[in-house]
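Asker: The structure that follows is given in the form of structure tokens.
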Amino acid sequence: MAETLCPIEEKWSGAIASLLRPPPPLQVQEYFDQLLFDRNCSRIKVKQENDFGKGVYADGDFEEGELILKDPILVGMQHSSNKFDCLVCSFCFRFIGSIELQIGRKLYFQSIGVSANGGCDGETFSAVSKDCYDAGLSHMEEDSHLRTHENLENCASSSSSKDNIPVPKEVVDSLMNGGLVLPYSTEFPLPSAISCPGGCKEAFYCSKSCAEADWKLSHSLLCTGERSKSLSREALSKFIQHANGTNDIFLLAAKAICFTISRYRKLKEDYLKEQEKCPSANALDCSDLSLLLEAWKPISFGHKGRWWDCIALPDDVDPSDEASFRMEIRELANTSLQLLKAAIFDKECEPLFSLEIYGHIIGMFELNNLDLVVASLVEDYFLYIDDLPELIKKEAEIITRPILDALGDDYSVCCEGTAFFPLQSCMNHSCCPNAKAFKREKDIDGQATIIALRHIGKGEEVTISYIDEDLTYEERQASLVDYGFECKCSKCFEEQP
């Protein structure tokens, strides 16, 4: 596929090559050893291998069901369409607000014709999100609580559990603004929703610390609010709208770039402070890449490849059209990059805005493809109601049954997104894995949680399955094409034709 260099790639070819050069083995080992120490993971080790890059090995015994690892997110995001169903912290991804607010938002979006299944473009999402936000802050009349209960009782008496009758608008409003408290919802307390410090009304947080951390790491550049540090809020909105309309992996790539820019600025600020204390030290050379390379370091350890080279060919694309397909993907990435550049460009971090770097960042997420999942507390709530003693359950369902019927299958939608987990991404695949990503009841945020499926002895590699291991040999191998390798685990060796 013939490719032309963009001006940034011509100007910064050496810097781009340095950024994409795999870190030295010693640096890799030191980085992961420090990560394991920070996460208090003393019984696993990351080892570098010639055939498979990196691997995670047990440095002690694990029994079935035992926690192996909790891995915080380096860069992550909730899928745009999923935001209609789940209000979560934009930094740690735990559910926030209240059970009533979670349900009220679902019903509100449902009433105006948007949902996770239906979807909408970025501009529509921003508009309805702000409407929903404003509605949630409004106040109801003093007698609204009584009227709401009467409306729900009327719904319950006129419908069976199989009916899907929308609840009245005042019920939805009352759920969102606290006018209605559902039976036993206090058994599922959630932290209050804290607004974005930049005023965008699109990002919310579970705590001030999460809001501040996200602002410092990336959101200050990606916020569309009045206090945004982007170059152009209008340009940023166009980038977000394009990503929501094409592939929201661009939003994740933008986060990675903003994360690196923010780290670079902090490193430079600290360096200049040291210069003031020690004027005799060498002056900072803006052409020196050392600060940018240091800022990029956490991203540098992820396995990468150009997105348009490593993405699997879709089933509906004829092999004879592969070159054209990959060129279209490259052009799509370039369009996204130009929109992002207009919004957040930083001259001192110019190499990050090359198509080569952007393509490799997207490719890193494509090749690692780690799901971000947090179980739905709304589902847990309705299961709790269903498990109550019969008489108590019957009384509670006068209120809850019409709401559950109105929600339909959407009641159980969990928080879903994509993230890069530094340690989980080092775990190799097996079709007969000895561990799996599994959220326990107490795992309420977006961290990756890895649990042992069986006894794992010291020195044994910890493996997970990237796919459904119950598929046939042929189906498994086809599914793994997306990851760029052919599985040769013991199960595949036994089942291969």
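The values are calculated or read from the model by the stated rules, or taken from the named source; none is laboratory data. Note that the coordinates shown come from a computational prediction; the quantities given were computed from them, not determined experimentally. For neighbour counting, all protein chains shown are included, and Cβ atoms are generated from backbone atoms with ideal geometry for every residue, glycine included. These area figures cover heavy atoms from the full protein model, side chains too; ligands, DNA and RNA do not enter into them. Shrake-Rupley method; radii C 1.70, N 1.55, O 1.52, S 1.80 Å.
Asker: It is to be established whether one or more residues within the stretch 442-449 are more than 20 Å from LEU377 (Cβ to Cβ), assigned by TED's automatic domain parsing to the domain that holds TYR57 and either in contact with a Ser or Thr (Cβ under 8 Å, 6 or more places away or on another chain) or open to solvent by 10 Å² or more (accessible area, probe 1.4 Å) (or both).
Answerer: Looking through the stretch 442-449, none of the residues is more than 20 Å from LEU377 (Cβ to Cβ), assigned by TED's automatic domain parsing to the domain that holds TYR57 and either in contact with a Ser or Thr (Cβ under 8 Å, 6 or more places away or on another chain) or open to solvent by 10 Å² or more (accessible area, probe 1.4 Å) (or both).
Asker: List every residue pair whose Cβ atoms lie under 8 Å apart, where the two residues are 6 or more positions apart in sequence or sit on different chains, the first residue falls within the stretch 468-482 and is open to solvent by 60 Å² or more (accessible area, probe 1.4 Å), and the second residue, located anywhere, is at pLDDT below 90 and not acidic (Asp, Glu).
Answerer: These pairs meet every condition: ASP468/SER479; VAL481/ALA312; ASP482/ILE311; ASP482/ALA312; ASP482/ASN369.
Asker: Within the stretch 1-43, how many residues turn out to be loosely packed, with under 11 Cβ neighbours inside 10 Å and at pLDDT 90 or above?
Answerer: 10
Asker: Moving on to the next point. Spot the failing condition for PHE365; the list is (1) part of a helix (DSSP H, G or I); (2) over 23 Å from GLN241 (Cβ atoms); (3) open to solvent by less than 40 Å² (accessible area, probe 1.4 Å); (4) at pLDDT below 95, and only one is missed.
Answerer: Every listed condition holds for PHE365 apart from (2).
Asker: Would you mind stating whether LYS439 is open to solvent by 20 Å² or more (accessible area, probe 1.4 Å), touching a residue at least 60 places away in the same chain (Cβ under 8 Å) and of a type outside the set (Phe, Trp, Tyr)?
Answerer: Answer is yes for this residue.
Asker: Quick one: would you say ASN334 is modelled with pLDDT of 95 or more, under 22 Å from GLY76 (Cα atoms), surrounded by fewer than 16 Cβ atoms within 10 Å (Cβ to Cβ) and not β-branched (Val, Ile, Thr)?
Answerer: Criteria met by ASN334.
Asker: Looking at (1) polar (S, T, N, Q); (2) under 30 Å from PRO298 (Cβ atoms); (3) in a helix (DSSP H, G or I), which one does THR418 not meet, given that it meets all the others?
Answerer: So THR418 meets the others, but not (3).
Asker: Sticking with this structure for a sec: Consider only pairs whose beta carbons are under 6 Å apart and that are at least six residues apart or on different chains; among these, list those whose first residue lies in the stretch 413-425 and is closer than 15 Å to GLU366 by Cβ and whose second residue is in a helix (DSSP H, G or I).
Answerer: Going by the 6 Å Cβ cut-off, the qualifying pairs are THR418/LEU252; SER425/ASN368.
Asker: Would you say GLU348 is assigned to a helix (DSSP H, G or I) and surrounded by fewer than 17 Cβ atoms within 10 Å (Cβ to Cβ)?
Answerer: When the stated conditions are applied, GLU348 passes them.
Asker: Do we find that ILE403 is touching a residue at least 40 places away in the same chain (Cβ under 8 Å), of a type in the set (A, V, I, L, M), open to solvent by 30 Å² or more (accessible area, probe 1.4 Å) and outside any loop (DSSP other than H, G, I, E, B) in this structure?
Answerer: no
Asker: Within the stretch 94-101, is even one residue open to solvent by less than 10 Å² (accessible area, probe 1.4 Å), at pLDDT below 95 and touching a helix residue (DSSP H, G or I) at 6+ places or on another chain (Cβ under 7 Å)?
Answerer: Within the stretch 94-101, not a single residue is open to solvent by less than 10 Å² (accessible area, probe 1.4 Å), at pLDDT below 95 and touching a helix residue (DSSP H, G or I) at 6+ places or on another chain (Cβ under 7 Å).
Asker: Would you be able to tell me the number of residues in the stretch 299-325 that are of a type outside the set (Phe, Trp, Tyr) and not in a loop (DSSP other than H, G, I, E, B)?
Answerer: Residues in the stretch 299-325 being of a type outside the set (Phe, Trp, Tyr) and not in a loop (DSSP other than H, G, I, E, B): 10 in total.
Asker: When residues of the stretch 45-97 are filtered for being among the β-branched types (Val, Ile, Thr), farther than 25 Å from ALA435 by Cβ and in a loop (DSSP other than H, G, I, E, B), how many remain?
Answerer: 1
Results for (1) open to solvent by 30 Å² or more (accessible area, probe 1.4 Å); (2) free of Cβ contacts under 8 Å to residues at least 40 places away in the same chain; (3) among the hydrophobic types (A, V, I, L, M, F, W, C), shown as yes or no for each residue.
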site	(1), (2), (3)
LYS169	yes, no, no
PHE188	yes, no, yes
PRO197	yes, yes, no
CYS210	no, no, yes
GLU226	yes, yes, no
ILE240	yes, no, yes
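Asker: In addition: When the residues of the stretch 228-238 are filtered to those that are in a loop (DSSP other than H, G, I, E, B) and open to solvent by 60 Å² or more (accessible area, probe 1.4 Å), which remaining residue is nearest to TRP307 (Cα to Cα)?
Answerer: So, considering only residues that are in a loop (DSSP other than H, G, I, E, B) and open to solvent by 60 Å² or more (accessible area, probe 1.4 Å), the one nearest to TRP307 (Cα to Cα) is LEU231.
Asker: Can you give me the number of residues within the stretch 447-472 that are part of a loop (DSSP other than H, G, I, E, B) and of a type in the set (A, V, I, L, M)?
Answerer: Qualifying residue count for the region: 3.
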